[in-house]
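The values are calculated or read from the model by the stated rules, or taken from the named source; none is laboratory data. Worth saying up front: this structure is predicted, and the values here are computed from it rather than measured. Note that each Cβ is placed from the backbone with ideal geometry, even for glycine, and that neighbours are counted across all protein chains shown. Please note that ligands, DNA and RNA were not included when accessible areas were found on the heavy atoms of the full protein model with its side chains. Shrake-Rupley method; radii C 1.70, N 1.55, O 1.52, S 1.80 Å.
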Amino acid sequence: MQATRPWTPPGGTLGEILEKTRERLSSLDRATTSSDEPSRIRARPTLRSALRKSTVAVIAEIKRQSPSKGVLNAGLSAADQARAFELGGAAAISVLTEPDFFSGRVQDLRDAAAASGLPLLKKDFHIDAAQLEEAKTSFASAILLIARALEPSRLRSLMQAARYAQLETVVEVRCEHELQLAIEAGAEIIGVNSRNLETLEVDE
């Protein structure tokens with residue numbers, strides 16, 4: 001067991017995003033989809049199986065803006081983008097749903113689900129099990145968990161809650177220490193981010 005470094009709450013941009021996330025939890029949109037939506041949702045493979053291709057498997061991303069790059073495409077249609085990604089050969093689609101820093105919305109996930117049969121990753125700053133319920137009712141295949149954003153015990157508990165909800169998890173790490181934490185927590189899909197979300201600096 002090497003991942004014994006004490007966890008401290010993140011600062012910088014990541015800390016600000018997490019604070020906004022905690023504020024949103026009290027008014028989390030728990031609305032379910034309309035009754036006619038399930039009939040329009042296509043069956044989709046698991047994210048894990050979609051990534052196990054003999055060629056490079058691309059997870060294409062629906063994102064309006066980011067803290068580091070600013071506005072990317074403020075007026076994009078999630079449905080149109082999802083259809084284009086599927087036609088272009090993407091293996092899966094990542095949908096940014098964080099509203100304050102990325103201009104995302106949960107409705108983008110629902111729109112992408114109606115437009116595409118690819119696995120969908122709900123990319124947000126998940127810190128509470130209530131967000132998993134939102135992901136499930138919005139047709140996500142998987143959720144993102146950021147190792148730096150979560151105490152190790154919290155990471156493990158959210159991974160367990162996701163398994164119970166039949167959601168896959170992608171654990172994002174940025175260093176060897178976080179990789180070790182992810183492995184010890186039982187992560188099966190791990191993403192490496194070269195950008196430090198606290199400082200927004202990129203380690204090339």
Identify all residues within the range 85-101 that are under 15 Å from Val58 (Cβ atoms) and either of a type in the set (Ser, Thr, Tyr) or open to solvent by 40 Å² or more (accessible area, probe 1.4 Å) (or both); write none if there are none.
-> Phe85, Glu86, Leu87, Gly88, Gly89, Ser94
Is it fair to say Ile146 is closer than 25 Å to Pro45 by Cα and buried (at least 17 other Cβ atoms within 10 Å of the Cβ)?
-> yes
Criterion violated by Arg44 - all others in (1) modelled with pLDDT of 95 or more; (2) among the basic types (Lys, Arg); (3) open to solvent by less than 60 Å² (accessible area, probe 1.4 Å) satisfied | (1)
All but one of (1) hydrophobic (A, V, I, L, M, F, W, C); (2) outside any helix (DSSP H, G or I); (3) closer than 21 Å to Leu132 by Cα hold for Ala57; which doesn't?
-> (3)
Checked the range 58-73 for anything surrounded by 15 or more Cβ atoms within 10 Å (Cβ to Cβ) and among the basic types (Lys, Arg); matches are Lys63, Arg64
Residues of the range 127-148 being under 20 Å from Ile59 (Cβ atoms) and hydrophobic (A, V, I, L, M, F, W, C), which ones?
-> Leu132, Ala135, Phe139, Ala140, Ala142, Ile143, Leu144, Leu145, Ile146, Ala147
